[in-house]
Amino acid sequence: MIFHIPWIYVPVRNVLAIWHQLTKYEIPELKKPSVIMRDRGRVEEIIRNMHGAGPGALQVISDFDMTLTRFAFNGKRCPTSHNILDNSSLISEDCKAKLANFPKSHYYPIEIDSSLSVEDKVPHMVEWWTQAHDLLVQQRIKKDQLAKAVRESDAMLRDGYEVFFGSLKDHSIPLLIFSAGLGDILEEVIEHNGVFHPNVRVFSNYMEFDKNGLLCSFKGQLIHTFNKREGALLNPDQFEQLQDRPNILLLGDSMGDLTMADGVQNVQNILRIGYLNDKVEERRDAYVGSYDIVLEKDETLDIPNAILRYITEGK
Ligand SMILES: [Mg+2]
């Protein structure tokens, strides 16, 4: 009836056209059952903005362990970059026992306890990382044995990693990996899988070797789960070059990963994708409240790949 009144018809038609544009599904993968979104409309708006600005305006900031790597395979937990070394033949049985028992029982519950504030957690994280690194230094690990430890480990990048790393390379999109793990090991994992392309930069804990190639200390400031944002602040030159990339796709699996992009200036659009791998029931609300897209027990890079495909495809 109202369509017979011309001055109402035009605005209504426009509203309908815009509504149709906003709700039509350009990324069918977002219907996957593992995907939870607090505000689907907002997610679609961010992705559309990123598509409009194109791949030249995009950078990807990602965590490594349990974000780019699988959490589990065939029901068995996959190792983090620390675990790869801890479980390897480069570490004595005595040291393995110390590394395995003590952090799991004491520090990991603190790390993932959603009732504790970040400020409360930080001193425990520093203590955990410092003790683990001190133990590793005592093991006189040789630099040239690291690749072998990675080869013999069960570490796996998530399904779809070739497409993920490949499309970022093809479109010259920088991939910045912020990791509280071991930089030397995770670089080896990426290298071993043949995807360490020139657009990949890693900020992590790096080992210092003496003139005999033995691990003697760790370089620079310790990076733990909750101070990754400082990685950007400590590397202003790297981030200066990325000033003209105001759109950020952020990938993480811990609440600490949410602040990884805080050091980036002039952000226009940021889409945070969080892998919820473990303690799903207890943590779902916190993740859905903080990440734009939550991927529950999803071992693939399907969603980041679908979003990247949409952003990088021509208009
Ligand atoms: Mg992680």
**Asked** Looking at the stretch 278-295, which of its residues are modelled with pLDDT of 95 or more, surrounded by 17 or more Cβ atoms within 10 Å (Cβ to Cβ) and out of contact with any Gly (no Cβ under 6 Å at 6 or more places or on another chain)?
**Response** Val288, Asp292, Ile293, Leu295
**Complete:** Restricting the stretch 101-142 to residues that are without any contact (Cβ under 8 Å) to a residue 60 or more places away in the chain, out of contact with any Phe, Trp or Tyr (no Cβ under 9 Å at 6 or more places or on another chain) and among the hydroxyl-bearing types (Ser, Thr, Tyr), the one surrounded by the fewest Cβ atoms within 10 Å (Cβ to Cβ) turns out to be Ser115
**Message:** Taking the condition of being within 14 Å of the ligand (Cβ to nearest atom), assigned to a strand (DSSP E or B) and not hydroxyl-bearing (Ser, Thr, Tyr), how many residues in the stretch 48-74 meet it?
**Reply:** 2
**Request:** Kindly indicate whether Lys96 is within 26 Å of Asp144 (Cα to Cα) and either in a loop (DSSP other than H, G, I, E, B) or basic (Lys, Arg) (or both).
**Result:** yes
**Asked** Looking only at the stretch 172-188, which residues are within 15 Å of the chain's Cα centre (by Cα) and of a type outside the set (S, T, N, Q)?
**Response** Pro174, Leu175, Leu176, Ile177, Phe178, Ala180, Gly181, Leu182, Gly183, Leu186, Glu187
**Asked** Of the residues that sit in the stretch 265-277 and are more than 16 Å from the chain's Cα centre (by Cα) and over 16 Å from Met37 (Cβ atoms), which one is modelled with the lowest pLDDT?
**Response** Gln265
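Here is a yes/no grid of residues against (1) surrounded by 20 or more Cβ atoms within 10 Å (Cβ to Cβ); (2) in contact (Cβ under 8 Å) with a residue 24 or more places away in the chain; (3) over 21 Å from the mean Cα position of the chain (by Cα):
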residue	(1), (2), (3)
Lys32	no, yes, no
Ile36	no, yes, no
Glu45	no, no, yes
Phe64	yes, yes, no
**Request:** Check whether at least one residue in the stretch 294-305 is within 22 Å of Pro109 (Cα to Cα) and either within 14 Å of the ligand (Cβ to nearest atom) or free of Cβ contacts under 8 Å to residues at least 40 places away in the same chain (or both), and report yes or no.
**Result:** yes
**Prompt:** In the stretch 84-122, what residues are of a type in the set (Lys, Arg) and at pLDDT below 90?
**Reply:** Lys96, Lys98, Lys104
**Complete:** Quick count over the stretch 99-119, residues being more than 16 Å from His224 (Cβ to Cβ) and in a loop (DSSP other than H, G, I, E, B), is 2
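The values are calculated or read from the model by the stated rules, or taken from the named source; none is laboratory data. Only a predicted model underlies this, so the values are computations on that prediction, with no experimental measurement involved. Here Cβ is always computed from backbone atoms with ideal geometry, including for glycine, and neighbour counts include all displayed protein chains.
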